[in-house]
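The values are calculated or read from the model by the stated rules, or taken from the named source; none is laboratory data. Values in this document were obtained by computation on a predicted structure and should not be read as measured data. Please note: Cβ atoms are built from the backbone with ideal geometry, for glycine as well, and neighbour counts cover all protein chains shown.
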Amino acid sequence: MLILVHLFNSPEFAVIITLMLYWASLHIQDRYPWANPLVCASITLVILLYVLHIPYSHYRTGGDLFKYLLGPATVALGVPMYKQAQKLKGSLKPLFLVVLAGSIVGMATAGLVAWLFGAPREVILSAIPKSVTMPIALEASKELHGDPRITAALVLISGLLGSIVGPEVLRLASILHEHAVGSAIGTSSHALGTATLIRRSEVQGSVSSLAMAMAGVITAILCSVLTWWVH
Amino acid sequence: MSAQSKKHAAVSDSSGLSLKGRIPGQAEVLGFLIIVGFELLGMELHRVGAPLPGGVIGLLLFTFALAAGLVKVEWVEKTATFLVRHMTLLFIPMMVGLPQMSAELRAEGVALLASSVISLFAVLLTTGGLAHIFLRDAATAEVVGKK
C-alpha cells in the first residue's frame, strides 16, 4: 500500500496520467465531436486525484512539465502565423485591422463589465487579456499586475464557450463568410475555438489560427501600453 | 530544373550543415532548439527592459526570421506543428488547479462570468461583422452554409 501511495505521488505518475487521459479524450472526441478533450480530461483527472487522495501540490510537480512547454508553444505559433500569412497575402491588411478592432473591443468590454459588477482592481486587470491564447494571456496578466490564475480561468471559459456556441452565434447573426467566421473565432476564443474550426473547414481553421496569433501579439502590445499608463 | 541538378543541389545541401536532417528525427531536434532559442532570446530581451512579454518577443522575432528566410520553415515545421496541435494538453494541469482557487473565483464569480460572456459575444460579433464587410472583397473564398 505504501508503495502505491509513493507511486501515485511521484511526478512521473502525474505526467503519465495526464498523457493517458489526454490520449483517451482525443479518442472520445473522435467518436463524439462535441466532447471537448480539455474538459473531459480535466474533470476525469480532478476526480481521479480526489479518489486516489493525491494532493494537488504533488500532482503539480509533474504537471509543471506541461506548463513549461507553454513558452515554446507560444513561439511555435510563429509557424502557422507565417504559413497562413503566405496563403492569405491578399487580405492580410484588412484582416489585421479587423483583428485589431476585435481585440480592443474584447479588452475594453472585459474590463468594463468586471468594473460595472464591482470587481476589485486586480480582478479587472486580470480580465482584460482573457480573449487570447493562454501563454500570452498569462504573461500579459502578470505584466498588468493581475492574478494570472484568474486570467487562466477566464481564458478557459472564453475558449470553451466560444468553441461551443461561437459558430452558432455567428450563424444566427448571418455571418457566414469563411474568413469572417475564422477571424471572429480566432480573435475571441483562441486555440480552443480554432481547434473546433479546423475540423469544420480548412479555410476557417487557417484564418482562425492566423487571427489568434495576431490577436495575441496585438493584445500583448496593448497590455504593455496599458501597464505603462496604469502603473 | 533537371533531375540531375536537383540531385546535385540535394547533395551539396547535405554535405554542408546537414540541417534538413539526414539522421531520422534530426529535424525535430533542430526545430526544438531553434524554438527554445527564440524563447530564451525573448526572455532575455524582456529582462533587460523590452516592454513586451518574453514569449511574445520570441514569437515576433521567430516570425520575422521565418519571413526573412533566416530560419527555413522545414527546419521548425514538425516541432512547431506538434506543439501547437497539442496545446490543449498543456492546459490540463491548469484546469486541474482551478478547484484549488474556487474561493477566489466564487467571490467574484458573477463579475467574472458576466465579463467573459459579454466580452466573448462582443468580440465575436464585432470581429465577425467587420470581417463580413471588409474581408469579402479581399478574399476569394466561397460562402459556407448557402441555403
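In table form, for the structure just shown:
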| item | result |
| --- | --- |
| Enumeration of residues in region A:192-204 that are of a type in the set (Gly, Ala, Ser) and under 15 Å from the mean Cα position of the chain (by Cα) | A:193, A:195 |
| Test: residue in region A:153-169 that is aliphatic (A, V, I, L, M), more than 7 Å from chain B (Cβ to nearest Cβ) and buried (at least 24 other Cβ atoms within 10 Å of the Cβ) | yes |
| From B:77, B:28, residue being touching a helix residue (DSSP H, G or I) at 6+ places or on another chain (Cβ under 7 Å) and modelled with pLDDT under 90 | B:28 |
| Of the criteria (1) among the aliphatic types (A, V, I, L, M); (2) in a helix (DSSP H, G or I); (3) in contact (Cβ under 8 Å) with a residue 12 or more places away in the chain, which one residue B:71 fails | (2) |
| Residues (touching a residue at least 24 places away in the same chain (Cβ under 8 Å) and either in a loop (DSSP other than H, G, I, E, B) or at the interface with chain B (Cβ under 7 Å from one of its Cβ atoms) (or both)) located in region A:104-126 | A:106, A:110, A:123 |
| Only listed residue being at pLDDT 90 or above, aliphatic (A, V, I, L, M) and within 18 Å of the chain's Cα centre (by Cα), chosen from A:164, A:218, A:150, A:157 | A:218 |
| Matching residues in region A:34-59 - criterion: being under 21 Å from residue B:83 (Cα atoms), in a helix (DSSP H, G or I), more than 7 Å from chain B (Cβ to nearest Cβ) and in contact (Cβ under 8 Å) with a residue 40 or more places away in the chain | A:39 |
| Residue match in region A:73-80 (condition: in contact with an Asp or Glu (Cβ under 8 Å, 6 or more places away or on another chain), more than 28 Å from residue A:147 (Cβ to Cβ) and within 8 Å of chain B (Cβ to nearest Cβ)) | yes |
| Count - residues of region A:8-67 that are closer than 17 Å to residue B:100 by Cβ and of a type in the set (Phe, Trp, Tyr) | 4 |
| Matching option when the condition is at positive phi, surrounded by 21 or more Cβ atoms within 10 Å (Cβ to Cβ) and out of contact with any Phe, Trp or Tyr (no Cβ under 6 Å at 6 or more places or on another chain), among A:190, A:145 | A:190 |
| Index of the failed condition, residue A:50 passing every other in (1) over 30 Å from residue B:73 (Cβ atoms); (2) modelled with pLDDT of 90 or more; (3) more than 20 Å from the chain's Cα centre (by Cα); (4) in the same structural domain as residue A:188 (by TED's automatic domain parsing) | (4) |
| Residue B:76 being over 26 Å from residue A:45 (Cβ atoms), in a helix (DSSP H, G or I) and more than 24 Å from the chain's Cα centre (by Cα) | no |
